Protein chains: 2
Amino acid sequence: MINKLVEKIKKTNAPIVVGLDPMLDYVPEHIKKKAFEEHGETLEGAAEAIWQYNKGIVDTTYDIIPAVKPQIAMYEQFGIPGLEAYKKTVDYCKSKDLVVIGDVKRGDIGSTSAAYATAHLGKVKVGSKEYSLFDEDFATVNPYLGTDGIKPFLDECKKEKKGIFILVKTSNPSSGEFQDRIIDGKPLYEWVGEHVDKWGSEVMGDKYSYVGAVVGATYPKMGEVLRKVMPKSFILVPGYGAQGGTAEGLKPYFNEDGLGAIVNSSRGIICAYKNEHYKEFGELNYADASRKAVEDMIADINSIF
Amino acid sequence: MINKLVEKIKKTNAPIVVGLDPMLDYVPEHIKKKAFEEHGETLEGAAEAIWQYNKGIVDTTYDIIPAVKPQIAMYEQFGIPGLEAYKKTVDYCKSKDLVVIGDVKRGDIGSTSAAYATAHLGKVKVGSKEYSLFDEDFATVNPYLGTDGIKPFLDECKKEKKGIFILVKTSNPSSGEFQDRIIDGKPLYEWVGEHVDKWGSEVMGDKYSYVGAVVGATYPKMGEVLRKVMPKSFILVPGYGAQGGTAEGLKPYFNEDGLGAIVNSSRGIICAYKNEHYKEFGELNYADASRKAVEDMIADINSIF
């Protein structure tokens with residue numbers, strides 16, 4: 001799947017991923033109105049609203065982007081109907097040939113970690129039958145529990161030719177509380193980065209590993225170090241735009257081949273219609289505003305090369 | 001909810017929690033047969049099987065235990081039907097007045113962390129209505145992202161009078177890869193433990209905090225240190241039994257009041273019928289084997305006082 005991601009980035013010339021993180025507040029009134037008319041102000045109504053909202057954005061952007069990253073928490077907060085909307089979104093994006101990164105940040109040990117890996121990347125056996133579950137192409141994984149938590153995901157990656165992005169240095173202000181602490185002369189995130197490099201060396205695609213890393217756009221100096229620590233890993237970069245990361249700051253996250261990083265924007269794209277800059281589109285044409293925001297983001301990021 | 005947990009532990013004289021982590025391999029044949037007859041070898045069939053299996057165990061044990069801890073990964077691996085079985089299990093256990101610890105190990109930042117907190121502890125607004133979602137009493141949370149990831153859970157804990165258990169030192173063999181690394185003279189888990197103590201001081205119950213910690217039974221020396229670092233936090237202790245933790249090793253996890261820790265056993269209880277020691281019960285009476293294993297575990301743990 002890393003090979004497909006690389007190929008799609010080259011084809012679209014867009015090292016970006018659109019974060020499908022729908023809040024009900026983001027959804028235009030006309031979509032909510034219709035969903036609530038059909039299902040009432042219920043969880044099913046909310047799920048229908050976020051699904052239709054997503055669909056609109058995917059329909060106007062799928063031809064110019066390589067990948068999407070739905071954040072499962074935003075769906076989980078609407079319970080089972082919300083998770084059904086998540087699954088529908090994943091399936092729809094795959095039908096549009098987009099690479100789907102499930103931002104699930106799961107992490108546990110042994111058989112539990114294996115169960116998560118099955119849920120998101122693999123297939124489960126029921127009697128003599130086998131079923132795919134959420135079936136994303138990539139999943140994000142938390143490293144706090146060490147190799148025991150990662151290994152079952154590596155096994156699934158090998159089997160299904162899928163991938164993971166491991167949290168290394170997150171984009172949030174308090175990420176340094178633990179991640180930046182110095183251990184034997186190096187910050188924790190660097191130790192985690194070295195593990196990512198090691199874990200990733202076991203599951204190589206053509207040029208990049210099935211194992212990538214999450215490194216926030218808000219810490220470019222650390223991005224520069226981590227790029228060198230994990231030369232074979234793709235870096236998934238959150239924090240561009242809304243969280244304050246700039247295009248210029250993204251340079252160190254890329255390798256000399258112009259690859260190796262994929263930059264996420266969520267709110268900046270899916271809520272573009274609420275932005276002063278794109279207000280001429282209006283709420284009804286929210287999805288066109290998203291497409292324009294994607295085009296602007298691609299141009300902005302390509303300006304650094 | 002921490003007050004209720006303390007009260008229930010006192011009433012049952014059982015500082016234990018039963019881990020409801022059903023694998024399909026654990027489910028007795030007669031339950032699987034019935035479920036597959038009704039639903040076929042489908043995800044719905046698997047979900048029905050694990051739900052009936054859980055129900056049997058809850059029905060025979062609820063009067064002698066204070067709490068259960070369903071591990072959501074084991075349900076997530078059966079997709080949406082699996083998560084419906086999770087929700088059914090949570091609701092059923094609550095109807096039996098058990099405290100439910102959702103072992104979800106979620107962790108993200110800002111609005112995403114808030115969405116997870118809503119999903120598991122809170123209520124979501126849809127138009128003018130409000131809905132509970134998975135609605136566990138406690139959730140487990142991963143600390144790697146720092147305060148930004150924890151704060152939204154603290155807010156929800158305050159609002160709903162619920163609680164969290166933060167991963168501090170996990171029970172698995174590789175937990176030391178990052179958690180044991182020395183930072184300014186102290187291991188990372190101790191730094192995390194100090195944060196747990198600080199976060200917990202903001203949301204106190206009568207005697208213990210709404211914020212507890214996960215510390216594996218497999219590391220009793222570290223448990224002893226952490227007990228002192230977080231005097232007001234309940235410690236949720238996995239790793240007893242199957243993973244090698246012993247009752248004698250559990251002593252340091254408790255405070256002098258005989259409280260402050262709750263010991264989990266999953267496989268040891270729910271798979272008791274497969275254990276040589278309880279084989280006289282037979283597969284049909286698997287739930288009675290579980291009750292006996294609970295009684296033996298309570299006696300074993302109380303022997304240390």
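Quick notes on this one:
- Between B:LYS129 and any residue 5 or more places off or on another chain, the built amide H atoms are never under 5 Å apart.
- Annotation: average projected area of region B:1-96 is 6.1 square nanometres, based on the convex hull of Cα atoms across all directions.
- Using alpha carbons only: equivalent-ellipsoid semi-axes of region B:221-305, gyration tensor based, whole Å: 29, 11, 10
- In this simple spin-label model, placing a label point 7 Å from the Cα along the Cα-to-Cβ direction at both A:LYS186 and A:LYS158 gives a separation of 2.4 nm.
- Computed log₁₀ I(q)/I(0) - Debye formula, equal Cα scatterers, no solvent, the protein assembly as shown, q 0.05, 0.08 Å⁻¹: -0.20, -0.54
- Normalised convex hull volume, region A:29-70, alpha-carbon set, Å³ per residue: 63 Å³
- Selection among B:VAL225, B:HIS120, A:TYR62 by position relative to the dipole of the protein assembly as shown gives B:VAL225 as farthest towards the positive end (Cβ unit charges, Cα centre).
- Projected label distance in nm at B:SER174 and B:ASP25, using a 7 Å step from Cα toward the beta-carbon: 1.9 nm
- Where only alpha carbons of chain B are counted, the Rg and the Dmax (Å): 18.8, 60
- Kirkwood radius for region A:113-222, taken over all pairs of different Cα atoms as the inverse mean of 1/r, rounds to 14.9 Å.
- Here the dipole of the protein assembly as shown is about 480 debye; that uses its Cα centre as origin and unit charges on the Cβ of Lys and Arg (positive) and Asp and Glu (negative).
- For region A:80-178, the number of Lys pairs separated by eight or more positions or lying on different chains, with C-alpha atoms closer than 18 Å, is 24.
- Scaled to the globular estimate 2.2 N^0.38 Å, the Cα spread of region A:70-111, given as radius of gyration, is 1.28.
- Using the Cβ-Cβ distance between A:SER303 and B:GLU280 with R0 set to 60 Å, the FRET efficiency from 1/(1 + (r/R0)^6) comes to roughly 0.20.
- Residues whose amide H lies under 5 Å from that of A:GLY19, counting only those 5 or more places away or on a different chain, are A:LYS69, A:SER265, A:SER266; hydrogens are built 1.01 Å from N in the peptide plane.
- P(r) tail, region B:164-305: Cα-Cα pairs separated by more than 24 Å, 36% of all pairs.
- Inter-copy spacing of A:GLU276 label points, which lie 7 Å from Cα along Cα→Cβ, given in nm from shortest upward: 7.5
- Helical content of chain B, expressed as a calculated mean residue ellipticity at 222 nm, amounts to -13500 deg cm²/dmol (DSSP H runs of 4 or more residues, -39,500 (n - 2.57) each, divided by residue number, nearest 500).
- Rg(Cα)/(2.2 N^0.38 Å) for region A:48-160, N = residue count: 1.10
- Largest-first ordering by accessible area, 1.4 Å probe, given options B:SER132, A:SER265: B:SER132, A:SER265
- Other-copy label distances relative to A:ASP97, 7 angstrom Cα-Cβ extension, nm: 6.2
- Under 5 Å from the amide H of B:ALA242 lie the amide H atoms of B:GLY268, each residue being 5 or more positions distant or on a separate chain, with H modelled from the backbone and absent for Pro and chain starts.
- Between region A:112-143 and region B:162-221, the C-alpha centres lie 29 angstrom from each other.
- If the chain linking B:LEU259 and B:LYS96 were pulled fully straight, counting 0.36 nm for each residue of separation and taking away their Cα-Cα distance, it would gain 56.4 nm.
- Per residue solvent-accessible surface (Å²) - chain B, probe of 1.4 Å: 35 Å²
- Two-site FRET efficiency, B:GLU224 against A:LYS207, from Cβ-Cβ distance with R₀ of 41 Å, rounded to 0.05: 0.25
The values are calculated or read from the model by the stated rules, or taken from the named source; none is laboratory data. Just so we're clear, the structure is a prediction, and the values are computed from it rather than from any experiment. Virtual Cβ from ideal backbone geometry, glycine too; neighbours counted across all protein chains shown. The accessibility values were calculated without ligands, DNA or RNA, using every heavy atom of the protein model including side chains. Shrake-Rupley method; radii C 1.70, N 1.55, O 1.52, S 1.80 Å.
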